[in-house]
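Okay, structure first, notes after.
Readers should treat all values here as calculations from the given coordinates under stated rules, not as data from a laboratory. Here the structure is a predicted model, which means the values were calculated and not measured. Please note: Cβ atoms are built from the backbone with ideal geometry, for glycine as well, and neighbour counts cover all protein chains shown.
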Amino acid sequence: MASVTFDKATRLYPGSTRPAVDSLDLDVADGEFLVLVGPSGCGKSTSLRMLAGLEEVNDGAIRIGERDVTDVPPKDRDIAMVFQNYALYPHMTVAENMGFALKIAGVGKEERATRVLEAAKLLDLEPYLDRKPKALSGGQRQRVAMGRAIVRQPQVFLMDEPLSNLDAKLRVQTRTQIASLQRRLGVTTVYVTHDQTEALTMGDRIAVLKDGILQQVGTPRDLYESPANVFVAGFIGSPAMNLFVADLTDGGIRFGTGVAALDRDVQAATNLSQVTVGVRPEDLVVSTTGEGLQVQVDLVEELGADGYLYGHADVAGNRVDVVARVDGRAHPNAGESVFITPEPKHIHAFDLESGQRLTRAIHA
Amino acid sequence: MPASLNITAAKVEPALLDLPWSAPLDSWPDETIAALPKGISRHLVRFANLSGYVVAIKETNEEMARREYEMLRTLQRLDIPCVEPVAVITNRHTEDGAVLQSALVTRHLKFSMPYRALYSRSMRPDTAVRLVDALAVLMVRLHIVGFFWGDVSLSNTLFRRDAGAFAAYLVDAETGQLYQGGLSNGQRENDLEIARVNIAGELFDLEAGGRLEEGIDPVEVSNGIVEQYRMLWKELTSAETFASNERWRISQRVERLNRLGFDIEELAIKTDEGGTTVRIQPKVVDAGHHSRRLLRLTGLDAGENQARRLLNDHDSFAARRGLEDADEEQVAHQWLSTVFEPVIRSIPRELRGKLEAAEMFHQLLDHRWYLSQDQNRDIPLAEALTSYVDNVLRHRRDEATIIEPPTGAITLPTAAQLEEDEPQPGSWRDKV
């Protein structure tokens, strides 16, 4: 097992002026599950392929453990791309399906049997080693496919959107399985997804990329509570954080008819008179005092105990869409007009121009 | 069928509407389904008859179906041998409104077969090697246009007989990606490694099912792809430098590529400042050197090796008649009307569909050679033809669209049939 280091790693495609991955600095600790997440074209898959040796690194370096692998061919990097191939061979037993790649690699019989058994135990497949794949359930077959990667005992697992072709139910199941298996194995894993929910639920840490540039790396909690910039704030969390431009006033920001208190240092950190303010749906409260931002309710989505209020407000002449979490039983209805205020501790402020966070990090 | 069914197709194919799209593919009635041997697939793939030809139908999600459809169309435009994309079917629902997966429909190429149909009882060593060689050619062609396959395997390929060799066609482009700027060495190496592991796995599987002739080492055969690929890649792409008085090496390189079945469309030639050395590198190469020549001369459309074989016969025809210096196209016309066409016309009509015409002609030439060896005399073509029809062709299966019991393919991750398997004698430890 080993750590992974991207050291100012850059990938510039021929004929392109902007790097697909721009000076990526990222350390993945030994045994860590790191998720690379971002919208399409952000450079997450390219980063993974650079680590796999499938993309040239035009500048900088990539290390696995202490070893510089920047110019090492893929098969000599001691990595495994999981789920690259789901195919199971119908005439071969589960044990044969899991172990045949070791045979090709010239691993001796005893060693093969030991590794297959170990992997089967981890995957709860021991009772099935003698069976053929057709006697297995869908989930078991998937575990056999994972077993193929595990028996190779690679230093790092790489997974590129492995769940994208599964239906919703199997996706949630497999998500949990992969995460728990990774923890049992303790193998350093780099996982690529465009789905922020997948990232939040699976990763020890998450690296958010946009336009080839690393935006923030941290635990799911860090990213959720203290997004480093407007992009991360809007990307992480579902429903997304409410973001709009607000005027700075004495002691805080203008929030409808009221003023929401902000850290003193926010005012000091910007010389503009406005900031982008962000509040998560669960940090908005329907006010009973008639103070706050007036919101026209368009729709309330009931989810049992909770619900989400979808509405819109007028902020300095601009229409702003607003989402707030409300009580699932007692909530305003569509067509009504309500006032909402933010929880003061959970207001995020970002520089209007740079988009960078101005508020201090919130610690849970 | 709900009116919302959505079909995207390159050509109008009204018969598509007759297929039972409102039922999940695994429950389509037998009269719709064509039984064909197939490879091992991640998704459920079944074959259906569609106005006289066979189509493969794969159930998958909409995004992947569309992506693969577009990818296959692009590959076709790039002149890559691959299955023909027919349609993408989305918005499928059952009669009671339940949502069904989208489907990709591709046309099964006539006379092309999955590797599992290329043996009667067990796969022979020379067949295995030829399959691997054909796959290497396909991989090189894909890599030259910048296509990273990601799942190279015998199962994802169809094979067509090609005068003693095979020609490989890409079937499954699901994992593939096209890179405008070409592939990195790492991507090519990775595809090669995937191919090596998958081919070995497929041969181990044949072995486990008792379908591999004894003495074949799956690992050794699968390693063959690496060697074959590297040889071809080097010939087709590498630069060579030589002294400027060795200019014959330019035409030598061109001839070598022609022999491998490629034409050079563009060759970069550079001399150094003093003009003492020349450096050449093929920039654009095109597969099908012999096929194109045959097509130009005779109008016959044949596989590369078939074309080579026919052209050899054409050349010896010219030599026999002392026509080496005559106009090539006129000679070709004579050969066609006095040799090739009479042979094909003499084959009984009911047997003509068993193989492609060019393949039959090649087999006939082979048959004549063996007869001549046996009897130690020159056998006239007409005599060889009678023997070939009665002793060989009549006993062959019809390969236009092979109908055989399908092999047990395992689909992942959708399939979930649970049935107990007989425990195998001996321990799994003996087998890993």
Next item on the list: Per residue, how big is the convex hull around the C-alpha atoms of the stretch A:277-328? Give it to me in cubic angstrom, could you?
Entry: 80
Next item on the list: Run down the aspartates and glutamates and flag those whose C-alpha is under 20 Å from the C-alpha of residue A:345, throwing out any fewer than 8 positions away in its chain.
Entry: A:222, A:225, A:247, A:250, A:263, A:265, A:282, A:283, A:291
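If you filter the stretch A:1-82 for GluC sites (Glu not before Pro), then keep DSSP loop positions with at most 15 other Cβ within 10 Å, what is left?
Here the sparse-neighbourhood loop sites are A:66.
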Note to self: If you take each beta carbon of peptide B:147-156 and count the beta carbons of other chains within 10 angstrom, what is the mean?
What the structure shows: 2
Note to self: Tell me the relative contact order for chain B as a rounded percent, counting alpha carbon contacts under 8 Å between residues six or more apart.
What the structure shows: 16
Next item on the list: Mind telling me which of B:214, B:174, B:359 comes out most flexible in a GNM of chain B, alpha-carbon contacts under 10 Å?
Entry: B:214
Check: Per-residue mean of other chain beta-carbon atoms within 10 angstrom of the beta-carbon, peptide B:197-204?
Finding: 5
Next item on the list: Choose one of B:138, B:195, B:156: the residue whose Cα lies farthest towards the positive end of the charge dipole of the stretch B:113-237 (beta-carbon charges +1 Lys, Arg; -1 Asp, Glu; about the Cα centre).
Entry: B:138
Check: Semi-axes, largest first, in whole Å: what does sqrt of 5 times each Cα gyration tensor eigenvalue give for the protein assembly as shown?
Finding: 58, 31, 28
Next item on the list: Just need the Rg to Rh number for the stretch B:240-287, please, alpha carbons only, Kirkwood Rh.
Entry: 1.01
Next item on the list: With +1 on each Lys and Arg Cβ and -1 on each Asp and Glu Cβ, and nothing else charged, work out how big the dipole of chain A is about its Cα centre, in Debye to the nearest 20.
Entry: 1600
Next item on the list: Specify which residue in the list A:248, A:106, A:289 is farthest towards the positive end of the charge dipole of chain A, using unit charges on the beta carbon of Lys, Arg (+1) and Asp, Glu (-1), about the Cα centre.
Entry: A:106
Next item on the list: Enumerate the residues in the stretch B:278-292 having an amide nitrogen under 12 Å from the point lying 7 Å beyond the Cα of residue B:241 toward its Cβ.
Entry: B:278-280
Note to self: Within chain B, which whole H helices from DSSP have a Cα span along their axis of at least 20 Å and a mean Kyte-Doolittle hydropathy of 0.5 or more, if any?
What the structure shows: B:125-144
Next item on the list: State to the nearest 20 debye the size of the charge dipole of the stretch B:6-110 about its Cα centre, where the only charges are +1 on K and R beta carbons and -1 on D and E beta carbons.
Entry: 460
Checklist line | Residue among A:333, A:242, A:97 with the largest mean-square fluctuation in a Gaussian network model of chain A, springs linking Cα atoms under 10 Å | finding: A:333
Check: Can you give me the Cα centroid spacing of the stretch A:73-145 and the stretch B:185-248 in angstrom?
Finding: 24
Note to self: Just to check, using Stokes-Einstein with a Kirkwood Rh over alpha carbon pairs, what's the diffusion coefficient of chain B at 37 °C and 0.692 mPa s in µm²/s?
What the structure shows: 135
Note to self: Under 10 Å, Cα contacts only: if you run a Gaussian network model on chain A, which one of A:120, A:233, A:316 comes out with the highest mean-square fluctuation?
What the structure shows: A:316
Item checked: Separation of alpha-carbon centers, the stretch A:164-236 and the stretch B:68-138, rounded to whole Å -> 35
Checklist line | Packing rank of B:365-377, B:218-230, A:168-180, where each peptide gets the mean count of other beta carbons within 10 Å, highest leading | finding: B:218-230, A:168-180, B:365-377
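Which whole number of Å³ per residue matches the convex hull of the alpha-carbon atoms in the stretch B:6-110?
108
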Margin query: What's the ranking of A:33-40, B:119-126 by average number of surrounding C-beta atoms within 10 Å, highest first?
Written below: A:33-40, B:119-126
Next item on the list: Note the direction-averaged projected area, equal to a quarter of the hull surface, for the Cα convex hull of the stretch B:289-395, in nm².
Entry: 6.8
Check: Over its Cα atoms, what ratio of radius of gyration to 2.2 N^0.38 Å does the stretch B:87-178 give?
Finding: 1.36
Item checked: Tally of Lys pairs whose C-alpha atoms are under 21 Å apart, taken over the stretch A:50-201, 8 or more apart or cross-chain -> 7
Check: So what are the stretch A:233-364's ellipsoid semi-axes, whole angstrom, largest first, if each one is the square root of 5 times an eigenvalue of the alpha-carbon gyration tensor?
Finding: 25, 16, 13
Check: To the nearest 20 debye, what charge dipole does the protein assembly as shown have about its Cα centre, counting +1 at the Cβ of each Lys and Arg and -1 at the Cβ of each Asp and Glu?
Finding: 1340
Check: Given the Cα-Cα distance of residue B:273 and residue B:76 and 0.36 nm per residue of separation, how much length would full extension add, in nm?
Finding: 66.7 nm
Note to self: Amide H of residue A:242 versus every other amide H placed in the peptide plane: which residues, excluding those fewer than 5 positions away on the same chain, fall under 5 Å?
What the structure shows: A:279, A:280
Note to self: What does the C-alpha gyration tensor say about the overall shape of the stretch B:175-231? Classify as rounded when a/c is under 1.5, otherwise prolate if a/b is larger than b/c, or oblate.
What the structure shows: prolate
Next item on the list: Obtain the nm distance between the two label points defined at residue A:301 and residue B:17 by a simple spin-label model: each point lies 7 Å from its Cα along the Cα-to-C-beta direction.
Entry: 3.8
Notebook entry, point to check: What is the sum of charges around residue A:125, taking Lys and Arg as +1, Asp and Glu as -1, for the other residues whose C-beta is under 12 Å from the C-beta of residue A:125?
Noted result: +1
Check: For chain A, what is the Kirkwood estimate of the hydrodynamic radius, computed as the reciprocal of the mean inverse distance between distinct Cα atoms, to one decimal in Å?
Finding: 23.1
Notebook entry, point to check: How many times 2.2 N^0.38 Å is the alpha carbon radius of gyration of the stretch B:113-237?
Noted result: 1.02
Note to self: Please compute the contact order of the stretch B:240-287 in relative form: average sequence separation of alpha-carbon pairs under 8 Å and at least six residues apart, divided by the residue count, as a percent.
What the structure shows: 44
Checklist line | Whole-Å semi-axes of the ellipsoid equivalent to the stretch A:122-177 (Cα gyration tensor, √5λ, descending) | finding: 19, 17, 9
Check: Taking every residue in A:95-107, how many Cβ atoms of other protein chains lie within 10 Å of its Cβ, on average?
Finding: 5
Note to self: So if each residue of separation counts as 0.36 nm, and I subtract the Cα-Cα distance between residue B:396 and residue B:338, what length gain in nm does that give?
What the structure shows: 18.2 nm
